[in-house]
Amino acid sequence: MTSSTLIFVILFLALFSYWYGMHRSIKVAGGVTKVKQLVSLPRQFGLLTALWCGIPALIVLLLWTVFEATVIESLLVAKLPQNIQEMTPSQLGLYLNDIKIMAQQNLGEVTETSEQIKHFAALEFQQLNLNAAWLKSAIIFLVCLSCVMFIVSRFRLDYRARAATEKITLKVLMACSGIAVLTTLGIVLSVLFESINFFSEVSPVEFLFGTEWSPQTALRADQVASSGAFGAVPLFVGTLLITFIAMLMAVPIGLMTAIYLSQYASQRLRTVAKPMLEILAGIPTVVYGFFAALTVAPFVRDVGESLGLNVASESALAAGIVMGVMIIPFVSSLSDDAINAVPKTLKEGSLGMGATMSETIRHVLLPAALPGIVGAILLAVSRAIGETMIVVMAAGMAANLTVNPLESVTTVTVQIVTLLTGDQEFDSAKTLAAFALGLMLFVTTLALNVVALKVVRKYREQYD
Amino acid sequence: MSDLSFTENLTSSDITIEGTVGKVVAEDAKMSMRNVNVFYADKQAIKNVSLDLARNQVTALIGPSGCGKSTFLRCLNRMNDTIPICRVEGELLLEEQDIYAKNLDPVLLRARVGMVFQKPNPFPKSIYDNVAYGPKIHGLATNKAELDEIVISSLQKAGLFNEVKDRLDSPGTGLSGGQQQRLCIARTIAVSPEVILMDEPASALDPIATAVIEELIDELKEKYTIAIVTHSMQQAARVSQTTAYFHMGQLVEMGKTEQIFTNPVHTLTENYITGRFG
Amino acid sequence: MNRTTTEKVVKSLKQRHRKEKLFKAAGFASVCFGFLLVLTLISDIVIKATPAFHQHWLKLEIDYQQEWLGVDSLDYEKLESADYRKVLRRSILAMMPEVSGRQDKRSLYKLVSNNAEFTVRDALLKSPEFIGKKKNVWVMLDDDVDSYLKENTEFSQTGIRISEKQAGWIEQWYNNGLIDKQWNTEFLTSGDSREPELAGVRGALTGTMWTMLVTLILSFPLGVAAALYLEEFAPSNRFTDFIEVNINNLAAVPSIVFGLLGLAVIINLFGMPRSTPLVGGVVLTLMTLPTIIIASRASIKAVPPSIREAALGLGASKMQVAFGHVLPLAMPGIITGTIIGMAQALGETAPLLMIGMVAFIVDVPMGVTDASTVMPVQIYLWADSPERAFLAKTSAAILVLLTFLMMMNTLAATLRRKFEKRF
């Protein structure tokens, strides 16, 4: 049975155990009329039985699904001849892939000797998979059955079924909230693990301070760029350049929008403008990327040409501008929160002394809201650094080390996408480099967020 | 609304407010208001109030909460302009000049009629910058020395200078509540206004700080005309020369402070002063 | 002294009011700029998308000669595998007898779509009595012809590969009334294709549906359970704090990092199948969970404590209060948060690129373990294609995506408005 069918089977069994547990509890009480003698209601007993039936089985199923592929693979490798077992991991991986592809097809007779081993292995693989499927179903049934038997055997008149149910529920709820921790752990471990692999091939110094990036390791020795240089400085500079342009666009406009809407605008304008900002915020980044690549970039190039400037068709400027547009609503709504958190008495105090509105805003409100606004900008920077689709579609691939916004630059996220899409074996330095870049990205954005949240929280406390 | 009319019925079933009792006209009026009506959207908050603020005197506005005394005070330097639904009718004059005239600039008006608020609201700046704020935006000082002088003399007038002279650069928000309120008063007088409006300036302070503020108000009346809203009758009795009693948006009675507190004419005033409600 | 103060203030007023006006104008300009952006963006995409709504068809008189078909009997199976290309080409030639020479003939054949021969086949299979006879059949024109007709431009324009000679033929057909413009329903009913005139979004839409289904099934219960635990049961200790910090930080981790997690852990470690809605849904679940948890917690927090106290006072257990009273009352807010999270997931592209949902897939996925793509990725793929006609297709696909997003956001906003301030 496949895993998805098994899930339904388990759910059905749980439903059945609910009914069964209820009946057993009534029997323990000695009939429907004596149900009052039980400490808990019969349906509490039913619920408890259903939980005991479903949860252990689901956990077993999850673990099985997670580890099945790895276990079967190692079993298969153990049965292969010695010379194949001693291949390098990447070669072995390719060999196993061949076997798996063979196993999916109808296996006929093979005459070639070199293929015979693979043929044999593929048959073995099919058999292993079949056995695993049977074993899985059997174990699940067994788990369900034994757990239900165990819990039902404990039913007494004074058995607190409700308390037991609630204890289990609480554990389940707790486990669910732990998923956030698991996710973080997963991110950190996966990125860190592959990065360590990468740094065993390329020195961290070269990665962090090298100025040449050409990850295309050559297939033949005589090809150009056969070196495979992994100096990430051009990527960092490119990312920062585009982020800087985006901030140059988003911060003044976002901030002024927030100020105007919160201090000057009429109620009617506000009710129209808020949805406008929400639309900008809700547009998927791939749409912004399309807009950047097909509308803004040509426009920027044409304008540049008419001014006699030489603008690359994938200029950093175009990508930066559109990224800025994407971030405007973000900056605006966070600044709005910060400005609104300033007590009204400060504004009145300034106005009451005869300051104009703009003087009040510039000299009192903005300085008072500054920490909140700084936090907002930090969060926006972190967002711009991690933004992928706009730059993938509108920024270049070539790693030019330049700060000229009219030239084409590439970014960390663009390189991660380029390195990991397309066909390649998993543990080449080229693929691993993507994880090293991912690590840099994760660490940077995490640091920015932690600092930003701290600044904002401290600022909130100031006025609470 | 129904609750309000109910209370009105209860307190004025036998007592009606027909115009204002007492003397509302001052001989030497700094500001004079006639037939002022204030509306919040459709709701009338001030009904036909007329009164004068006498020059270099303290006028206290008292009354139960929600009676409109703060609203009335805020009309005097057009702070109500910041509330879009608020509408002011009537004649409000500062030195014979209509303060709601179209060509009158509220910025200039507020420089002449300063305001101190209920809750101390020093700006998140240094003590020095707090006091220098007004002179700076209004361009009152042409150089640093002049500004220093204004700041120091304002702090001295507010009786705060000796306490803060060593830490003029530390933030104003770090002061105690009473000091903060005196800083706000210093900030207001740094602009050299002609009238100072005080909206329950001591309600957020402890008794000792309140006493200091009251003393200060008494000194300030030498140079400025002062209107103070207070819910404390003792405070009104201590600091003011004239008292106006507001009830349900109307000015019930106005007169010399001693007379109001010792011998009120209107029954509503008497009830309030003797503590029947409030 | 007061005189001079007033004078000084008056002197400064003019300049100050000018500054005030400038500042206000700058703010207003910023707001207007926002409106302008939305307008530009939407109108740009709508204008670019309009060509994709229609498709040009050509009326051909097809001569189903048995000899050309290469069949001798009227057996259905034989008919199915007959040589319709020959029939199609001969029929085109019959209509254009003046065309000669291999080069010219080939460029003539190119004017109709690659699937025209299947249209010709289907027409015969539907009414086999036409064998050996002539029948009028509408066939789809090639995307370049289609773009050329829609844009009415010079034939040498970039992206449109139409020669002068071809343009002449097209004009001839057009003047003879053989070309017709029809609503392009194929766009919604067919899967992806290398030929722009055949490409549709059905595959991507179905893939999106499966992915969203997985995301919803996983993220909603997990998110609600986590929120309920953190708000109602969690003791305030270090571990709870740690969880909260984690959730807040995860909400701001770039989406592409979730893609790396999916690739390294879910695909390479757990061996789940690449390019499938299942893996996509799991990755998007991890990404949207923080959003749902944060929104749900806010909603649960908004339930007044008096309700909890009342229920506890009647002897309900904490768990019964949480599930029986707090959760139902918090549900509108939780659902709103979930819709917003799902809208986020719907527009997400980057992490799905990482887990291989960029593959070119023609078939419509039939389940969560079939290789598939999703709408945003389809947009990304089409935006990269050089053919002129894909530009319109991309924009049209964006419109479809935006329509879905708009619907979800409107639903969330309506829910929020309806259940705002009930307590």
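The values are calculated or read from the model by the stated rules, or taken from the named source; none is laboratory data. Just so it is clear, the model here is predicted, and its values are computed rather than measured. Because the Cβ atoms are built from the backbone with ideal geometry, glycine has one as well, and the counts that use them run over all protein chains shown. All accessible areas refer to the heavy atoms of the entire protein, side chains included, with ligands and DNA or RNA removed. Shrake-Rupley method; radii C 1.70, N 1.55, O 1.52, S 1.80 Å.
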Mean ellipticity per residue at 222 nm, deg cm²/dmol - from DSSP H runs of n ≥ 4 across the protein assembly as shown, formula -39500 (n - 2.57): -19500 deg cm²/dmol
Would you report the distance distribution of C-alpha pairs in the stretch A:3-164 as whole percents per 5 angstrom bin, up to the bin with the largest distance? 1, 8, 15, 13, 11, 9, 8, 7, 6, 6, 5, 5, 3, 2, 1, 0
For the stretch B:86-155 the GluC sites (Glu not before Pro) that pass both the DSSP coil test and the at-most-16 other-Cβ-within-10 Å test are B:95, B:96
Residues in the stretch A:169-209 that a label on residue C:237 would reach, taking backbone N under 20 Å of a point 7 Å out along Cα→Cβ: A:169-182
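For the ranges A:65-78, B:25-38, what's the packing order if you count other beta-carbon atoms within 10 Å of each residue, average per peptide, and put the highest first?
B:25-38, A:65-78
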Report the one residue of A:275, A:402, A:338 whose Cα lies farthest in the direction of the positive end of the charge dipole of the stretch A:229-463 (charges on C-beta: Lys and Arg +1, Asp and Glu -1; origin at the Cα centre). A:338
Given a 1.4 Å probe, the accessible area of the stretch A:3-164 per residue, as a whole number of Å², is 62 Å²
Share antiparallel - DSSP beta bridges, the protein assembly as shown, percent rounded to 5: 70 percent
Largest first, what is the accessible-area ranking of A:211, C:394 with a 1.4 Å probe? A:211, C:394
How would C:72, B:81, B:52 rank on accessible area, largest to smallest, probe 1.4 Å? C:72, B:81, B:52
Which lysines, on any chain, are close to residue C:418 with Cα under 19 Å apart, when same-chain ones fewer than 8 places away are left out? A:274, C:301
Chain A - convex hull of the alpha-carbon atoms, volume per residue in Å³: 258 Å³
Give B:144/B:165; B:43/B:256; B:30/B:223 a once-over and call out the pairs whose C-alpha atoms are over 20 Å from each other. B:43/B:256
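For an R0 of 41 angstrom, estimate the FRET efficiency from the Cβ-Cβ distance between residue A:71 and residue C:185 and round to the nearest 0.05. Write down the numbers at each step before the final one.
On the way: r = 49 Å, r/R0 = 1.20.
That pair, residue A:71 with residue C:185, gives E of 0.25.
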Show the residues, 5+ positions off or on another chain, whose built amide H is closer than 5 Å to the amide H of residue B:246. B:62, B:63, B:252
With θ set to phi - 60°, apply the Karplus curve 6.51 cos²θ - 1.76 cosθ + 1.60 along the stretch A:52-59 and write out the HN-Hα couplings as whole Hz, x wherever there is a Gly or Pro. 5, 6, x, 5, x, 5, 5, 5
In the structure shown, do any of A:344/C:11; A:344/B:69; A:79/A:100 have a Cα-Cα gap over 24 Å, and if so which? A:344/C:11
Shape box of the stretch A:229-463 [Cα atoms, principal axes, largest first, Å]: 67, 43, 29
Give the share of C-alpha pairs in each 10 angstrom bin for chain B, from 0 to the last occupied bin, in whole percents, shortest bins first. 7, 29, 34, 22, 8, 1, 0
Averaged over B:121-130, how many beta carbons belonging to a partner chain fall within 10 Å of each residue's beta carbon? 4
³J(HN,Hα) computed for each position of the stretch C:128-141 - Karplus, 6.51 cos²θ - 1.76 cosθ + 1.60, integer Hz, glycine/proline x: x, 5, 7, 4, x, 10, 9, 8, 7, 10, 8, 10, 6, 8
So which trypsin sites (Lys or Arg not before Pro) in the stretch B:69-134 pass both tests, a DSSP loop state and at most 10 other Cβ atoms within 10 Å of the Cβ? B:102
Work out how far the C-alpha atoms of the stretch A:332-464 reach from end to end along every principal axis, then list the three figures in whole Å, largest first. 69, 33, 20
Among C:312, C:391, C:289, which one shows the highest mean-square fluctuation when chain C is modelled as a Gaussian network with alpha-carbon springs under 10 Å? C:312
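Below 8 Å, C-alpha to C-alpha, sequence gap of six or more: please give me the relative contact order for chain C in percent.
Computed value for chain C: 19 percent relative contact order.
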What does the average come to when, for each residue of peptide B:185-198, you count the partner chain Cβ atoms lying within 10 Å of its Cβ? 2
Within a Gaussian network of chain B (alpha carbon springs, distance under 10 Å), most fluctuating of B:220, B:51, B:108: B:108
Taking a spot 7 Å from the Cα of residue A:62 along the direction of its beta carbon, which residues of the stretch C:200-242 have an amide N less than 11 Å from it? C:222
For residue C:206, the accessible surface traced by a 1.4 Å probe with all protein chains present amounts, in square angstrom to the nearest 10, to 30 Å²
Hey, any idea what % of the protein assembly as shown's accessible area is carbon plus sulfur with a 1.4 Å probe? 60 percent
Would you tell me the accessible area of residue A:213, worked out with a 1.4 angstrom probe on the heavy atoms of the protein chains, in Å² to the nearest 10? 20 Å²
Just to confirm my numbers, what's the Cα centroid distance between the stretch A:1-49 and the stretch A:336-400 in Å? 58 Å
Relative to the compact-globule scaling 2.2 N^0.38 Å, provide the ratio for the alpha-carbon radius of gyration of chain C. 1.42
What number results when the radius of gyration of the stretch A:120-193, computed over Cα atoms, is divided by 2.2 N^0.38 Å? 1.79
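Considering only DSSP states other than H, G, I, E and B, which GluC sites (Glu not before Pro) in the stretch B:175-242 qualify as loop sites with at most 10 other Cβ atoms within 10 Å?
Filter output for the stretch B:175-242: B:222.
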Any idea how far apart residue A:2 and residue C:195 come out in nm if each label point goes 7 Å out from Cα toward Cβ? 3.2 nm
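At a Förster distance of 41 Å, what's the computed FRET efficiency of residue C:175 paired with residue C:129, Cβ-Cβ distance as r, to 0.05?
0.80
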Rg and Dmax in Å for the stretch B:83-177, alpha carbons only: what are they? 16.6, 48
Tell me, what ³J(HN,Hα) does each residue in the stretch B:64-70 have, in order and in whole Hz, if you take phi through Karplus 6.51 cos²θ - 1.76 cosθ + 1.60 with θ = phi - 60° and put x for Gly and Pro? x, 5, x, 8, x, 5, 5
With +1 on the Cβ of every Lys and Arg and -1 on the Cβ of every Asp and Glu, and nothing else charged, how large is the dipole of chain A about its Cα centre, in debye rounded to the nearest 20? 3140 debye
Using a 1.4 Å probe, what is the accessible area per residue for the stretch C:202-419, in Å²? 38 Å²
If every Lys and Arg gets +1 and every Asp and Glu gets -1 at its Cβ, then about the Cα centre the stretch C:202-419 yields a dipole, in debye to the nearest 20, of 420 debye
What whole number of Å gives the distance from the Cα centroid of the stretch C:172-207 to the Cα centroid of the stretch B:37-55? 72 Å
Build a GNM of chain C with springs between Cα atoms under 10 Å: which of C:41, C:188, C:250 gets the top mean-square fluctuation? C:41
Excluding ligands, DNA and RNA, what is the accessible area buried between chains C and B, summed over both sides, using a 1.4 Å probe, to the nearest 100 Å²? 1100 Å²
Accessible area of residue A:446, 1.4 Å probe, to the nearest 10 Å²? 60 Å²
Residues in the stretch C:205-249 that, when all protein chains are in place, have 50 Å² or more less accessible area than the chain alone would give (probe 1.4 Å): C:222, C:229, C:246, C:249
From the residues C:66, C:131, C:147, which one has its Cα farthest along the dipole of the stretch C:19-159 in the positive direction, the dipole being from +1 and -1 charges on Cβ of Lys/Arg and Asp/Glu about the Cα centre? C:147
Give the calculated FRET efficiency between residue A:233 and residue C:309 to the nearest 0.05, with a Förster radius of 51 Å applied to their Cβ-Cβ distance. 0.25
Determine the total buried accessible area between chain A and chain C, counting protein heavy atoms only with a 1.4 Å probe; round to the nearest 100 Å². 6600 Å²
Work from the charge dipole of chain C (Cβ charges, +1 for Lys and Arg, -1 for Asp and Glu, about the Cα centre) and give the residue of C:49, C:222, C:252 farthest towards its positive end. C:252
Probe 1.4 Å, all protein chains present, accessible-area order of B:176, A:25, C:190, largest first: B:176, C:190, A:25
Partner chain coverage, peptide C:261-273 - average Cβ within 10 angstrom: 6
For the protein assembly as shown, what is the convex hull (Cα atoms) projected area averaged across all directions, in square nanometres? 66.4 nm²
Under 16 Å from the Cα of residue C:126 - lysines, other chains or at least 8 residues apart: C:78, C:134, C:135
Roughly how many debye, to the nearest 20, is the charge dipole of the protein assembly as shown about its Cα centre, given +1 on each Lys and Arg Cβ, -1 on each Asp and Glu Cβ, and no other charges? 2880 debye
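Can you order the peptides B:135-144, C:259-268, A:385-394 by their average number of other Cβ atoms within 10 Å per residue, highest first?
Numbers: B:135-144: 17.0, C:259-268: 23.9, A:385-394: 28.0.
Per-residue mean Cβ counts within 10 Å order the peptides as A:385-394, C:259-268, B:135-144.
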